[in-house]
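One structure is given below, encoded as structure tokens.
The values are calculated or read from the model by the stated rules, or taken from the named source; none is laboratory data. Not measured: the values here are computed from a predicted model. Don't worry about glycine lacking a Cβ; one is built from the backbone with ideal geometry, like all the others, and counts go over all protein chains shown.
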Amino acid sequence: MSTLTEALPLPAAQWHSALRRYLAVIATGNLVWEFFHMPLYTIWREGTPGKIVFAALHCTGGDILVALASLMVGLLLVGNGAWPAGRFRAVAAFTIVLGVSYTIFSEWLNIVRRAAWAYSDLMPVVSLWGFEVGLSPLLQWIVVPSAAFWWARRVTRFTLPRPLNPGNG
């Protein structure tokens, strides 16, 4: 077998590229979103610049972990071995629903139960199951993963399989 496509079916050759693209958008998108919606939390008025930066970086790290865990659960429960060519939309939809569900739980836990953070008066909220959830974190978990899945699905000349070169390991 002299080429990657002969060694592996095309979907198997593309999962790595799709995962890298997904993670790149998840990391970048969540980092940008965290900084831009920081004024919607009380830390914006009450925290030092260092605490604000730390909070945004810390939350971005958590966002990346939640996104990865949600994707892995989605792949295991509704995906198949042909992903991303097969069951892509099912995995994407399941992953986004799982991410939004975790966000609702996390907002409840950290605002209502732990009081670890609080919304400022600028945060638009929606009432869900008896408590108010910030609209910005809900939209974050719809917009950023949707963009990440869109980018993950793109196929360019850079993601098409190339012949293997046995000398390069």
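Contact map, the stretch 68-94: residues that are farther than 21 Å from Val144 by Cβ paired with residues that are charged (D, E, K, R) and in a loop (DSSP other than H, G, I, E, B), Cβ distance under 9 Å, separation 6+ or inter-chain. Pairs shown: Asn80/Arg87. Candidates in the stretch 84-114 are the residues that are over 25 Å from Gly130 (Cα atoms), of a type in the set (Gly, Ala, Ser) and crowded, with 17+ Cβ neighbours inside 10 Å; of these, the one that is farthest from the chain's Cα centre (by Cα) is Ala85. Of the conditions (1) part of a helix (DSSP H, G or I); (2) more than 25 Å from Val32 (Cβ to Cβ); (3) in contact with a Leu (Cβ under 7 Å, 6 or more places away or on another chain), Val112 fails just one. Which one is it? With (1) part of a helix (DSSP H, G or I); (2) more than 25 Å from Val32 (Cβ to Cβ); (3) in contact with a Leu (Cβ under 7 Å, 6 or more places away or on another chain) applied to Val112, the lone miss is (3).
Working only within the stretch 48-94, note down all residues that are farther than 16 Å from His16 by Cβ and part of a loop (DSSP other than H, G, I, E, B). Across the stretch 48-94, the qualifying residues are Thr48, Asn80, Arg87. When Tyr119, Tyr102 are screened for being at pLDDT 95 or above, aromatic (Phe, Trp, Tyr) and under 21 Å from Gly47 (Cα atoms), only Tyr119 passes. Among the residues of this structure, Ala24 counts as one that is in a helix (DSSP H, G or I) and over 17 Å from Gly134 (Cβ atoms).
Only one entry of Gly81, Gly74 meets the criterion of being more than 19 Å from the chain's Cα centre (by Cα) and not charged (D, E, K, R), and that entry is Gly81.
Comparison of Leu40, Leu68 shows that the only residue that is at pLDDT 95 or above and either over 20 Å from Val133 (Cβ atoms) or among the acidic types (Asp, Glu) (or both) is Leu68.
Among all positions in the stretch 23-43, there is no residue which is in contact with a Pro (Cβ under 6 Å, 6 or more places away or on another chain), in contact (Cβ under 8 Å) with a residue 40 or more places away in the chain and more than 15 Å from Val143 (Cα to Cα).
Within the stretch 128-139, residues that are surrounded by fewer than 18 Cβ atoms within 10 Å (Cβ to Cβ) reach partners that are in a strand (DSSP E or B) with beta carbons closer than 8 Å, at six or more positions or on different chains, in the pairs Glu132/Tyr119; Glu132/Val125; Glu132/Val126; Leu135/Val125; Leu135/Val126.
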